[in-house]
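These notes concern the structure reproduced below.
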Amino acid sequence: MHKSIPINLPSTILPIKAFKDNYIWVIHRNEFAVIVDPGESSQVIEFMGNSGLKPVAILITHKHYDHIDGVKTILNHYPAIEIYGPVKCSLPFPYKPVKEGDIVTIKDVEIKYMVIEIPGHTLDHVAYLDNDVLFCGDTLFGCGCGRLFEGTAEEMYSSLQKIKALNKKTKIYCGHEYTLNNIRFAMTQEVDNLDLTSRYRKVLKQEVTIPTLLSEELKTNPFMKASSSQNLKEIRERKDAF
Ligand SMILES: [Zn+2]
């Protein structure tokens, strides 16, 4: 049974869990919804059915299976859905390629996303920015950053500099729930950071720690605090072995 949907509310963003620790994000306004990085489909289709929401678009940040594998089944259910993804990769379904500076306008939810290229985790990686909301996939995490699968530390460093330049109130919606483990690592790098210890205490009580605030990442995330790409590379290597 469909719940009644109030109309003319501001857009709302909700997480749908996938795999062990992935987040699929759903942005909705009135009866329309946008889906970010659907790595799985069944829980998304069930959510749309239960809520009565109509998905109109999918945004893809990068090509990894845990961000795209739900797309084909969702597309079968909702053939009119529009899909946006990075121009620098070929996704295995029809999509509109986007690049740095592009504006993705989704009229039904009255949102315009600006595309920012943020390579490092993969070479094709993009983020979608709407005012103070950023969908950044596997580039910036709560108190961490993505592994360097394809890109270099230089690329990741300059991608994080782009994010650092955004409004400090920007809400960071990333692709995984890694925050607690990331904070545990960060505390080994900066033992006397009081912002980090208070963040640790806060996160212990939270099941969902995302979104985080850019201002909080600037104070506590060791990768955002890296002084150079070489420094980021060293922190990344220590984290990979943590
Ligand atoms: Zn990934």
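What follows is calculated from the coordinates using simple rules that are stated; it is not laboratory data. Just so it is clear, the structure is predicted and the values come from calculations on it, not from any experiment. All Cβ positions, glycine included, derive from the backbone under ideal geometry; neighbour counts span all protein chains shown.
Any idea what % of Cα-Cα pairs in the range 1-145 are farther than 19 Å?
48
Which of the peptides 219-229, 126-136, 162-172 is most tightly packed, and how do the rest follow, judged by the mean count of other Cβ atoms within 10 Å per residue?
Numbers: 219-229: 19.6, 126-136: 22.3, 162-172: 15.5.
Highest mean packing first, the order is 126-136, 219-229, 162-172.
Please give the calculated 222 nm ellipticity per residue for the chain, where each DSSP H segment of at least 4 residues contributes -39500 (n - 2.57) and the sum is spread over every residue; nearest 500 deg cm²/dmol? Could you put the intermediate results ahead of the total?
On the way: 8 runs with 74 residues, N = 242.
That calculation yields -8500 deg cm²/dmol at 222 nm.
Using a simple spin-label model with points 7 Å from Cα along the Cα→Cβ vector, what separation in nm is obtained for Asp195 and Lys168?
0.8
Please report, in debye to the nearest 20, how large the charge dipole of the range 18-162 is about its Cα centre when each Lys and Arg carries +1 at its beta carbon and each Asp and Glu carries -1 there.
On the way: 12 positive and 20 negative charges, 48 e Å.
With only Lys, Arg, Asp and Glu charged at Cβ, the dipole is about 220 debye.
For the range 198-242 and the range 104-166, what is the centre-to-centre distance using only Cα atoms, to the nearest Å?
16
Which whole-number percent gives the relative contact order of the chain, counting Cα pairs below 8 Å spaced six or more residues apart? Mind showing how you got there, number by number?
Working: 500 pairs, mean separation 33.4, N = 242.
Answer for the chain is 14 percent.
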